[in-house]
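First up is the structure itself, then whatever we jot down about it.
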Amino acid sequence: MGQWRVTIERKAEETASVTLKAAVIGFLLVIGITIAGCYSAFLRYDLIGTGHLPRCALFPVLLLALINLLWRRFFGKMLFSRSELLFIYCIVLIMTGIPGQQFSNYLYLGLVAPVYFANPRNMPALLQYEGLNWLQYIPEWAVPSKDPRSGVVAWVFEGMPEGARIPWQPWVFPLALWTLFYFALFTSHILIAALLRKQWVEHEKLSFPLAQVPVEVANEHRLMAIGRNLLFWFGFIIPVFVFTFRALHLYLPYFPNINIYPNWGAIFQGRPWEVLNYTPFNIYFDMIGVTYLIPSDVGFSFWFFAFVVRRLQMVIRSAMGLTDHQQPLEYQTIGGLFALFFLQLWVARQYLRDVLVQAWYGENVEPDAAPLPYRHLLILLGICLLIVIGWTVSIGAALVWALMLFAIHYIWRIMTARMVAEAGLFVFWVPNIVNFILRVFGRDLVGASNIVGLTMVGSKMYDSATCLLPQALQGFKIAQSEGLNQRQIFGLMVASSLLSMLVCHPTSLRIIYTMPVPKMGWWTRGYPQWLANDFLTRLAQDLRMPSWHYFSLLAGGLVTVFLTWMRWQFFWWPLHPLGFAAANAAPWFGDRYGFSMLLGWLAKALVMWFGGIRLWHFFRPFMMGMIVGNTTILFILLLIHFFFPTNEVVVIE
């Protein structure tokens, strides 16, 4: 036992620590990316930080790595060490969604839209419902003003009068309180990631395919080796060539375009095959490359369930005379997500028991198992949970509904992290939690004040495409595999998320008052009205689902359990439960990425069939080239579009 402890301590001592240079560069990038990201998200809807391999995190590290090589060539030494580049990547990685749909797009417009559209003059649909008024349930302290005609609200939608100044003062108190809520929420994600790391990284040995890319880029020897490989450059040039042509077409419409989002049009007439019309065959180069890196059963299952089984179910339902396909299919995903979560609890039961025992007795058997002792992690997590749940109760929701909201939120975010860690999904959307609660329990049981409270809070944390929990897990995975100090990674990620939020406040307020809603990008221009419609629909209509929809919910859970059991029993079983659970989470998920995942899986299957693992390694640089080339050209185009805007969106997630 003594020898084992000495080994653990020596391993902890050998971890790399962050340098002042890496911290300064990392936080400067956080500030710059936050400012640029807010402008791009509000005015262009170019989300520079979308996804779990965000371009605004990978491209700066790639650029610094290339500068590193040049610096060594001319001065004989490296400007940045491998660990410094990875520290910078982790600092930026955690905050990439904050200037977009993880924070800024939802918060500021979400605080004035419920007030502005509570006036029938701004939302005539309210005249149909006498006495319907959600504004009475929103506390004064939660919004900058409750007067729809006040400048602090109306100017966001109608523009500031000439000579008027931005009304900073009314925002100070509500933003201070909302910052506390978000800080607790984001920190809880990082804490959960710290608790999950050992189980997923060391016990289950998940592959974390997206985390492999920055590790390759930051390693001087790997970067030089891959840079000498012609296959890498063949893969690199494909997305560069395609997106350069597409960009030229955006700015010069007479220039030929390359359509990477084709569909086969309306080729069927009448039931049941009409549901197959306009089936898309979208090309996402990074998704093709990532699918090549992940296990074959995972890649096969994602495209098979999302691209084939989903459409087959739609054909069967159409033949039965049914037309409401999305909700029953979505409930299959919901049932699958819940089943997967409880199955994961079962798999991790021994580890979770050890965590609780060590936390209870204050033991720290393995100092490098987590960035902080388990007792400290659980205490901090408990404080964060008390803050977010207490906040939701104070804003108008009863305790039982607040507990339900966050229980579902954390379950689905953990499963999102699983999709990223095991399947390498670039983005993944979960269903709307508030809608699910209302469909299960109904409007009358939940009550008006609870509906308003849940909508106010739920609308601020709806998007899961760039949630922090998967980002934090990737950061801890990189720290473990590359010998970085986990405690410092934890502190840097918490500080990075807080800094990004604080920079968002003045930047976003300046944007929404100098460029009012009608002048914003298409998504931010429509979001305030969509949020108001959510308030109206949830209060005016009973969304409770038909009884037979519960069979879809149950079927989703049972199929997931069956697929998991078969995978545990038979090594050859080709269908992975993650693919089934993800297939119907959002109607556009399979449409957007299914065909690209098919191409990536097919490439790997053919390579493995003809040449085995040796040939797979031979073509790996080609796929890495597509991922890096896609990141490089899209980030450059985003910068160009930032300074030279057009009416089109340059990048779709």
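Would you list which lysines come within 27 Å of residue 604, measuring only between C-alpha atoms, while excluding same-chain residues fewer than 8 positions from it?
205, 477
So how far apart, in nm, are the two label points at residue 14 and residue 383 if each is 7 Å from Cα heading toward Cβ?
3.4 nm
Using the Karplus curve 6.51 cos²θ - 1.76 cosθ + 1.60 with θ = phi - 60°, what ³J(HN,Hα) values do you get for each residue of segment 372-377, in whole Hz, with x for Gly and Pro?
Each residue of segment 372-377 in turn: 9, x, 4, 4, 5, 4 Hz.
How high is the FRET efficiency from residue 164 to residue 640, r the C-beta distance, R0 22 Å, rounded to 0.05?
So the FRET efficiency works out to roughly 0.10.
When the Karplus curve 6.51 cos²θ - 1.76 cosθ + 1.60 is applied with θ = phi - 60°, which whole-Hz ³J(HN,Hα) does each residue of segment 274-281 get, with x for Gly and Pro?
With coefficients 6.51, -1.76 and 1.60, one gets 4, 5, 8, 4, 6, 4, x, 10 Hz.
Quote the charge dipole size of the chain about the Cα centre in Debye, to the nearest 20; the model charges only the Cβ of Lys and Arg (+1) and of Asp and Glu (-1). Please report the intermediate quantities before stating the final value.
Values: 44 positive and 32 negative charges, 156 e Å.
With only Lys, Arg, Asp and Glu charged at Cβ, the dipole is about 740 debye.
State, to one decimal in nm, how far the label point of residue 173 lies from the label point of residue 617, with both points 7 Å from Cα in the Cβ direction.
6.6 nm
Using only the Cα atoms of segment 152-287, build the gyration tensor, take square roots of its eigenvalues as a ≥ b ≥ c, and label the shape rounded, prolate or oblate: rounded if a/c is under 1.5, else prolate if a/b is larger than b/c, else oblate.
Note, shape of segment 152-287 comes out oblate.
When the accessible area of segment 292-379 is computed with all protein chains present and a 1.4 Å probe, what percentage of it is carbon and sulfur?
Of all accessible area on segment 292-379, carbon and sulfur atoms account for 67 percent.
Evaluate the distance, in nm, between pseudo-label points positioned 7 Å from the Cα of residue 522 and of residue 119 along their respective Cα→Cβ axes.
2.9 nm
Taking amide H positions as placed in the peptide plane 1.01 Å from N, state which residues far from residue 484 in sequence (5 or more) or on other chains have amide H under 5 Å from it.
Answer set, sorted by chain and number: 16.
How would you rank 67-74, 477-484, 131-138, highest first, on the average number of other Cβ atoms within 10 Å across their residues?
477-484, 131-138, 67-74
Where does each of 218-226, 467-475, 106-114 land if you order them by average Cβ count within 10 Å, highest first? Intermediate values should be presented prior to the final figure.
On the way: 218-226: 16.1, 467-475: 27.8, 106-114: 23.3.
Per-residue Cβ counts within 10 Å, averaged per peptide and sorted highest first, yield 467-475, 106-114, 218-226.
Lys and Arg at +1, Asp and Glu at -1: add these up for the other residues within a Cβ distance under 15 Å of residue 276 and post the number.
Net charge around residue 276: +2.
Sort 548-559, 340-351, 577-588 by packing, meaning the average of other beta carbons within 10 Å per residue, with the highest value first.
577-588, 548-559, 340-351
Based on alpha-carbon positions alone, could you give the equivalent ellipsoid semi-axes of segment 249-367 from the gyration tensor, as √(5λ), descending, whole Å?
Result for segment 249-367: semi-axes of 43, 25, 12 Å.
Relative contact order (percent) for segment 103-168, with alpha-carbon contacts under 8 angstrom and 6 or more residues of separation?
Reported relative contact order: 33 percent.
The values are calculated or read from the model by the stated rules, or taken from the named source; none is laboratory data. Since the model is a prediction, treat every value here as computed from it, not as a measurement. For neighbour counting, all protein chains shown are included, and Cβ atoms are generated from backbone atoms with ideal geometry for every residue, glycine included. All accessible areas refer to the heavy atoms of the entire protein, side chains included, with ligands and DNA or RNA removed. Shrake-Rupley method; radii C 1.70, N 1.55, O 1.52, S 1.80 Å.
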